[in-house]
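What follows is a single structure, written as structure tokens, with notes after it.
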Amino acid sequence: MKSATPKVLHTLCGRPIVGHVVEAARGLEPRRLAVVVGHGREQVTAYLADVDPEIRAVVQEVQHGTGHATRVAMDALAETDGEVEGTILVLLGDAPLLTTETLAAMLAEHQRIGRAVTVLSAIVDDPTGYGRVLRDGESVVGIVEQKDATPEQAAIAEINSGVFAFDAKVLRDVLGRLNRNNKQGEEYLTDVLGIAAADGLPVGAHVVADWHETLGINDRVQLAEMRRLLNRRLTEQWMREGVSVIDPATTWIDVQVTLGRDAIVHPNTQLHGTTVLAPGAEVGPNCTLTDTFVGEGARVTNATTEGAEIGPEATVGPYTYLRPGTKLARGAKAGGFVEMKNAEIGEGSKVPHLSYVGDATIGEGCNIGAGTITANYDGVAKHRTEIGDHVFVGSDTVLIAPAKLADGAFVAAGSAISSAVGPGELAVARGRQRNIAGYVERKRPESKAAKAAARAKRADKSEKSE
């Protein structure tokens, strides 16, 4: 990946690559789950401990191949929890499109037939670069890599995914018989299949319905392609659940997002983290919502939100920024070019234009005029502004926190409020207007403004003389 971040921690659709694999495995409710780590182990282990403390991170100090990695994991589990029994499923940490449903079907087939080994395979149009699955009728007798394949074998369209189900006893025995007598000097897990077949044990393949599930990631080009494929899966899933995604190609949805029936997602919209759209909510175009709740019938357009709560029938946008801790009650409005942070806006209250509301509580039925600012920071600490119900704040007002406006208060436009305003009071905090005659002619006599003023005066005199 040419990155300081380990490959398996690069993200797609809101979750690291290895996180998708862990999620698929966890869906099977395994008795034990281990992840073999090597490069970037500290970062990977920290991530695993955070998302699933029961995962056992096993360090492969020297990388001697997939067979060696499997043996290291089995030995580590045996030391702490006793010998591994039953069926062992081995996955690849860089294949994020695998689903629990596919793995469950593979395991069911493996156990129903009583196989020693089952490989997850796929039929592809172009198998170039993949190991080919060699069959004798229904049985699998081996896997041959591209570089070792004969022309007849290279024509086989069934490929090895690298995902295997093993009988634990068979796997323990055959792992002990692997060697590194190959060009790579590695122990290949694929050799287990060939040895088991040579021993006369039942070996087979489960063909995945969608070959894309077997794809792995080796660089950022493949990561982007995988992200596109997963996003397509997610958008199609939600459309089938009754959500209108107007343009799936420009809509991006994370795996933990929840969308209600009859929600509408317009083009160029990104829904990240744990965002929830309630039934009938409408978002977009041109929105990025992260960890945000949008209530029933609410409308969000051309907005960026993080950690916000938008109530039913509320409206947000256009060109609005809602930061963490913002809560809009039913029918509230955060309009054009409005920024809010840690602010609670009461039912039916409106902040329609060009305002900053930070660290504030606004009651019901308020109107906050254009250009209003809650000055919440004094250079050392943040302070809160409290506004009661049915308060009117005139345009271009600064509320200097801590400020308190009681129910029914009015604030005149252009005021700088630094003390409390009582119930029903009108607060006026601005200098008295004074017009200085002749200022432009004296201070800027040759300016365009002075010439315009002279023309206006002549016209005024002419009108009066008539």
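The values are calculated or read from the model by the stated rules, or taken from the named source; none is laboratory data. Because the structure is predicted, anything quoted here is derived from the model rather than measured. Using ideal geometry, Cβ is built from the backbone for each residue, glycine included, and neighbour counts are taken over all protein chains shown.
The single condition among (1) in contact with a helix residue (DSSP H, G or I) (Cβ under 7 Å, 6 or more places away or on another chain); (2) over 23 Å from residue 25 (Cβ atoms) that residue 117 does not meet is (2).
Yes/no per residue for (1) among the hydroxyl-bearing types (Ser, Thr, Tyr); (2) closer than 20 Å to residue 400 by Cβ; (3) loosely packed, with under 13 Cβ neighbours inside 10 Å:
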| residue | (1), (2), (3) |
| --- | --- |
| 414 | no, yes, no |
| 427 | no, yes, no |
| 442 | no, no, yes |
| 445 | no, no, yes |
| 453 | no, no, no |
| 457 | no, no, yes |
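Here's the yes/no breakdown for (1) buried (at least 19 other Cβ atoms within 10 Å of the Cβ); (2) within 28 Å of residue 231 (Cβ to Cβ):
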| site | (1), (2) |
| --- | --- |
| 14 | yes, yes |
| 60 | yes, no |
| 73 | yes, no |
| 78 | no, no |
| 82 | no, no |
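Within the range 182-204, identify whether any single residue is in a loop (DSSP other than H, G, I, E, B), hydroxyl-bearing (Ser, Thr, Tyr) and under 28 Å from residue 84 (Cβ atoms), and answer yes or no. Yes, the conditions are met somewhere in the range 182-204.
Do you know which of the residues in the range 367-390 that are of a type in the set (Asp, Glu) and part of a loop (DSSP other than H, G, I, E, B) is surrounded by the most Cβ atoms within 10 Å (Cβ to Cβ)? It would help to see each step written out before you state the result.
Residues of the range 367-390 that are of a type in the set (Asp, Glu), as a first pass: 378, 386, 389.
Now drop any that are not part of a loop (DSSP other than H, G, I, E, B), which leaves 378, 389.
Working: 378: 11, 389: 18.
My answer is 389.
Being of a type in the set (D, E, K, R), more than 14 Å from residue 188 (Cβ to Cβ) and either assigned to a strand (DSSP E or B) or touching a helix residue (DSSP H, G or I) at 6+ places or on another chain (Cβ under 9 Å) (or both) is the filter here; which residues of the range 126-146 pass it?
132, 135, 136
Residues being surrounded by fewer than 21 Cβ atoms within 10 Å (Cβ to Cβ), β-branched (Val, Ile, Thr) and outside any loop (DSSP other than H, G, I, E, B) are entirely absent from the range 320-337. Of note, residue 280 does not satisfy the criterion of being without any contact (Cβ under 8 Å) to a residue 60 or more places away in the chain, in a loop (DSSP other than H, G, I, E, B), within 24 Å of residue 343 (Cα to Cα) and not acidic (Asp, Glu). Every condition in (1) in contact with a Leu (Cβ under 8 Å, 6 or more places away or on another chain); (2) without any contact (Cβ under 8 Å) to a residue 24 or more places away in the chain; (3) crowded, with 19+ Cβ neighbours inside 10 Å is met by residue 258 except one, and the failing one is (3).
Taking the range 218-228 as the range and being under 19 Å from residue 252 (Cβ atoms) and either in the same structural domain as residue 124 (by TED's automatic domain parsing) or acidic (Asp, Glu) (or both) as the test, only 225 passes.
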